[in-house]
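One structure below.
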């Protein structure tokens, strides 16, 4: 895959020389970040429709924040600071499974239980981070919290592609079943859908996608890119197909614009913040359209 990325970067540099693209596109890290955005946007936009439909926004928020603990554990165990993926993925998946298990078995209200897990993961992550960063520059971790286009590498793109392929495969096979089990569990059960199995498949998928997107969007804001484009699409759509398509379009536009605009206009804000600001602007515009339609 590295050869393919080199071809893309070389093509971009040629377009810069001919004046088709701005000068900033001659840098390899810019092309890397845009490739990541073009993978993250459709992936988060599509899965976000299911998160919104199943009313799991708070759940995805908890999983996103749990990544901080996974990063700290990875650094403490000696993994590379820029890619502690083994601990990051392992902890996020275990956290998602245990949270979903507790949600299904405890009988507590979902928002209360998720609030407990969210608070605990943040507290543990912050505490462990104090130990993990005593021998390194703590500002390196800013990229994980708020996103950084400077740290995107070929291995990060490969990771995103692998998760995207897995998400597409899961979506092709089980998207309708996951949606049905969330919107109408009784109907899904009558039709023989293994509701519990698809429930766990979906939360694991959220964990994988969230963790894979951390470097670009950040642990603090990654769940926002899951929710906001889907919420914006829901404001102006009336069918499931248009809901998914528009959510993917909005998320992709937000991801690309959030990377390109601060870079071109030299705005000193992290990529994660810029991406979510763009998504929020789109949401506000669609909300206005919805209000106008109602009136």
(message) Cβ-Cβ distance below 6 Å, separation of 6 or more or different chains: which pairs start in the range 125-150 with a residue that is more than 22 Å from residue 261 (Cβ to Cβ) and end on one that is surrounded by 14 or more Cβ atoms within 10 Å (Cβ to Cβ) and at pLDDT below 65?
(response) none
(request) Being assigned to a helix (DSSP H, G or I) and modelled with pLDDT under 85 is the filter here, so list the residues in the range 200-223 that pass it. (result) 214, 215, 216, 217, 222, 223
(message) Quick check on residue 280: is it touching a residue at least 24 places away in the same chain (Cβ under 8 Å), in contact with a helix residue (DSSP H, G or I) (Cβ under 9 Å, 6 or more places away or on another chain) and surrounded by fewer than 19 Cβ atoms within 10 Å (Cβ to Cβ)?
(response) yes
(message) Which of the numbered conditions does residue 248 fail, given that it passes all the others? Conditions: (1) farther than 23 Å from residue 283 by Cβ; (2) in a helix (DSSP H, G or I).
(response) (1)
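One line per residue, one yes/no per condition, for (1) under 22 Å from residue 217 (Cβ atoms); (2) at pLDDT 85 or above:
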| residue | (1), (2) |
| --- | --- |
| 3 | no, no |
| 14 | no, yes |
| 32 | yes, yes |
| 35 | yes, yes |
| 38 | yes, yes |
| 43 | yes, yes |
| 48 | yes, yes |
| 58 | yes, no |
| 65 | yes, no |
(request) Give the residue, chosen from 257, 280, that is closer than 22 Å to residue 55 by Cα, assigned to a helix (DSSP H, G or I) and within 21 Å of the chain's Cα centre (by Cα). (result) 280
(message) With closer than 22 Å to residue 254 by Cα and crowded, with 22+ Cβ neighbours inside 10 Å as the only criterion, which of 70, 41 stands out?
(response) 41
(message) Just the residues that are without any contact (Cβ under 8 Å) to a residue 12 or more places away in the chain, surrounded by 15 or more Cβ atoms within 10 Å (Cβ to Cβ) and more than 25 Å from the chain's Cα centre (by Cα), please, taken from the range 11-36.
(response) 16, 21
(message) Take the residues in the range 83-124 that are loosely packed, with under 14 Cβ neighbours inside 10 Å and in contact (Cβ under 8 Å) with a residue 40 or more places away in the chain; name whichever of them is nearest to residue 142 (Cα to Cα).
(response) 111
(message) Being within 30 Å of residue 29 (Cβ to Cβ), crowded, with 16+ Cβ neighbours inside 10 Å and out of contact with any strand residue (DSSP E or B) (no Cβ under 7 Å at 6 or more places or on another chain): is that true of residue 232 here?
(response) yes
(request) Using the structure shown, decide if residue 251 is under 24 Å from residue 293 (Cα atoms), buried (at least 24 other Cβ atoms within 10 Å of the Cβ) and modelled with pLDDT of 90 or more. (result) yes
(request) Within the range 100-111, identify whether any single residue is out of contact with any strand residue (DSSP E or B) (no Cβ under 6 Å at 6 or more places or on another chain), assigned to a helix (DSSP H, G or I), within 19 Å of residue 220 (Cα to Cα) and at pLDDT 85 or above, and answer yes or no. (result) no
(message) Take the conditions in contact (Cβ under 8 Å) with a residue 40 or more places away in the chain, more than 22 Å from the chain's Cα centre (by Cα) and farther than 19 Å from residue 167 by Cα and apply them to residue 76. Does it pass?
(response) yes
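The values are calculated or read from the model by the stated rules, or taken from the named source; none is laboratory data. Since we're looking at a predicted model, the values are computed, not measured. Quick reminder, even Gly has a Cβ in these numbers, built from the backbone with ideal geometry, and neighbours come from all protein chains shown.
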